[in-house]
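A.B. asks: Got a structure here, written out as structure tokens. Questions coming.
The values are calculated or read from the model by the stated rules, or taken from the named source; none is laboratory data. Please read all numbers here as calculations on a predicted model, not as lab measurements. Cβ placement follows ideal geometry from the backbone for every residue including glycine, while neighbour counts extend to all protein chains displayed.
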Ligand code: NAD
Ligand code: SAH
């Protein structure tokens, strides 16, 4: 039995699902394969995802493949209650409410897992972490899982290195068809979508500071530039810092950027990127948000401690903190992922690719259940190419093929 906020919200959720499905040709083609082959017959799948329309479409596709599916949220602010209501009508069991407290959020993870999954689909590592800490009795039944995001994979590799990982995990984010598009173009577009919805301010002419020039940071900086901002990048990796410089951005430490920025977006996967010593340098009206990892990149707890007062922002998700120097700075979405907590996350076509990899990854686990090793496993190239081909076909694009002579030439070494 699902645990959702309000089943009567289903009509608006259904509209969102059918809109998403319309623009998800890859998942539609994977669904057709699944309906034919039923790769998950007799299997149970637990997923932890941003519970909005595209994730809901993925769950229904897994179900069409014969799986019994349970899903919970992976971020208390990204769950959309109307989507949960519509998804629950399909027979997928849904455990999430928008704005869940930490205790409710955890209880929903437990409910999602307690039926004993064979496959887990994780985003950020909550399911894997719960299975390896408080629900270890379920570990022997798990054939394997897929992890969606960069930070989740960093944690899995740490578990693997310590010998703690107890079932195989496919690292979806490592697929080129994931991070090239989802992290870069998805986060690039959706972060500005979230910021613009919340602030209603112009970006052109503003000083935007992007912390981290990885896949997400590149996309956020690129789209800020496209909107007319002057962009500064902060980094800790000297090569990435040079890449940002050659891409045309100013590069400097956060200690200096703090004085300069009008809008700050973090995308590092690290903690304390903007912290106490930076807050007192910020301009009055500076806007802080995060598109990277959880709510620790901007040290919101530290900001709350030093603030001497509050100023009401434009909505509940725009909070003003009055500093001892009399300036006010604003934090968007409580420092959680601004693109998901204040928007619908990545655009539909982007999640179509990411979730096609998830669906095919889950199938890979089912098909190879006897032979997978207990470790982090990169998504096989065949899945990456399969997704790219499906995407090209859906876009009506064709590409060249090597001739036999070209193949031979590329393999030769004699002068
Ligand atoms: P990445 O490893 O490609 O990039 C992270 C970059 O941050 C690196 O270049 C690293 O050197 C830099 N960095 C680390 N600590 C730093 C610090 N203290 N100051 C400045 N720079 C620092 O990772 P990515 O794929 O870009 O992902 C970044 C984060 O975003 C991860 O936590 C990931 O899980 C998350 N993510 C979010 C979304 C979303 O929808 N918002 C999408 C994909 C990934
Ligand atoms: N659960 C953590 C981990 C980061 S989420 C947290 O909430 O802080 C980052 C992942 O969200 C990305 O890898 C991306 O694939 C996924 N994502 C982005 N937009 C999404 C959307 N619209 N629907 C579902 N997942 C989305």
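A.B. asks: Out of curiosity, is residue 365 buried (at least 18 other Cβ atoms within 10 Å of the Cβ), farther than 27 Å from residue 296 by Cβ, more than 15 Å from ligand 1 (Cβ to nearest atom) and within 26 Å of the chain's Cα centre (by Cα)?
C.D. replies: Yes: the conditions hold for residue 365.
A.B. asks: In the set 410, 402, 392, 332, which member is within 16 Å of ligand 1 (Cβ to nearest atom) and either within 25 Å of residue 268 (Cα to Cα) or surrounded by fewer than 13 Cβ atoms within 10 Å (Cβ to Cβ) (or both)?
C.D. replies: On inspection, the qualifying residue turns out to be 332.
A.B. asks: Another question, then. Report, by residue number, each residue of the range 82-101 that is buried (at least 21 other Cβ atoms within 10 Å of the Cβ) and in contact with a helix residue (DSSP H, G or I) (Cβ under 6 Å, 6 or more places away or on another chain).
C.D. replies: Passing the criteria: 82, 83, 85, 86, 87, 92, 94, 95, 96.
A.B. asks: Next up: Say whether the condition of being touching a residue at least 12 places away in the same chain (Cβ under 8 Å), surrounded by 24 or more Cβ atoms within 10 Å (Cβ to Cβ), in a loop (DSSP other than H, G, I, E, B) and away from ligand 2 (no atom under 16 Å from the Cβ) is met by at least one residue in the range 47-63.
C.D. replies: No, because not a single residue in the range 47-63 is touching a residue at least 12 places away in the same chain (Cβ under 8 Å), surrounded by 24 or more Cβ atoms within 10 Å (Cβ to Cβ), in a loop (DSSP other than H, G, I, E, B) and away from ligand 2 (no atom under 16 Å from the Cβ).
A.B. asks: When the residues of the range 50-65 are narrowed to those that are touching a strand residue (DSSP E or B) at 6+ places or on another chain (Cβ under 9 Å) and closer than 22 Å to residue 99 by Cα, which ends up farthest from ligand 1 (Cβ to nearest atom)?
C.D. replies: 59
A.B. asks: Another question, then. What strands (runs of 3 or more DSSP E) completely inside the range 271-374 contain at least 1 residues that are within 30 Å of residue 169 (Cα to Cα), within 16 Å of ligand 2 (Cβ to nearest atom) and in contact (Cβ under 8 Å) with a residue 12 or more places away in the chain?
C.D. replies: 287-290
A.B. asks: Report, by residue number, each residue of the range 143-166 that is touching a helix residue (DSSP H, G or I) at 6+ places or on another chain (Cβ under 7 Å) and either more than 25 Å from residue 370 (Cα to Cα) or assigned to a loop (DSSP other than H, G, I, E, B) (or both).
C.D. replies: 143, 148, 149, 150, 164, 165, 166
A.B. asks: Take the conditions closer than 25 Å to residue 381 by Cβ, free of Cβ contacts under 8 Å to residues at least 40 places away in the same chain and away from ligand 1 (no atom under 12 Å from the Cβ) and apply them to residue 161. Does it pass?
C.D. replies: Judged against the criteria, residue 161 is a match.
A.B. asks: Another one. If you scan the range 205-223, which residues turn out to be under 16 Å from residue 189 (Cα atoms) and free of Cβ contacts under 8 Å to residues at least 40 places away in the same chain?
C.D. replies: 213, 218, 219, 221, 222, 223
A.B. asks: Another question, if that's okay. Say whether the condition of being assigned to a helix (DSSP H, G or I), free of Cβ contacts under 8 Å to residues at least 40 places away in the same chain and within 16 Å of ligand 2 (Cβ to nearest atom) is met by at least one residue in the range 91-101.
C.D. replies: No: the range 91-101 contains no residue that is assigned to a helix (DSSP H, G or I), free of Cβ contacts under 8 Å to residues at least 40 places away in the same chain and within 16 Å of ligand 2 (Cβ to nearest atom).
A.B. asks: Given the structure, is residue 155 free of Cβ contacts under 8 Å to residues at least 60 places away in the same chain, within 13 Å of ligand 1 (Cβ to nearest atom) and either over 30 Å from residue 10 (Cα atoms) or over 19 Å from the mean Cα position of the chain (by Cα) (or both)?
C.D. replies: yes
A.B. asks: Please name all residue pairs, on different chains or six or more residues apart, with Cβ atoms under 7 Å, provided the first residue is in the range 105-124 and is at positive phi and touching a residue at least 40 places away in the same chain (Cβ under 8 Å) and the second residue is surrounded by 19 or more Cβ atoms within 10 Å (Cβ to Cβ) and outside any helix (DSSP H, G or I).
C.D. replies: Hits for this filter: 124/74; 124/149.
A.B. asks: Condition test on residue 379, is it more than 19 Å from residue 188 (Cα to Cα) and within 14 Å of the chain's Cα centre (by Cα)?
C.D. replies: Spelling it out, it is not the case that residue 379 is more than 19 Å from residue 188 (Cα to Cα) and within 14 Å of the chain's Cα centre (by Cα).
A.B. asks: With out of contact with any strand residue (DSSP E or B) (no Cβ under 8 Å at 6 or more places or on another chain) and over 29 Å from residue 271 (Cα atoms) as the only criterion, which of 140, 102 stands out?
C.D. replies: Only one candidate qualifies: 140.
A.B. asks: Being closer than 14 Å to residue 75 by Cα and touching a helix residue (DSSP H, G or I) at 6+ places or on another chain (Cβ under 7 Å) is true for just one of 126, 182. Which residue is that?
C.D. replies: After ruling out the rest, the residue left standing is 126.
Rundown of residues vs (1) more than 10 Å from ligand 1 (Cβ to nearest atom); (2) over 29 Å from residue 304 (Cβ atoms); (3) at pLDDT below 95, yes/no style:
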position	(1), (2), (3)
179	no, yes, no
193	yes, no, no
200	yes, no, no
204	yes, yes, no
209	yes, no, no
225	yes, yes, no
240	no, yes, no
248	yes, yes, no
255	yes, no, no
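A.B. asks: Quick check on my filter: what residues within the range 132-149 are under 23 Å from residue 296 (Cβ atoms) and touching a residue at least 12 places away in the same chain (Cβ under 8 Å)?
C.D. replies: Listed by number, the residues that qualify are 132, 134, 147, 148, 149.
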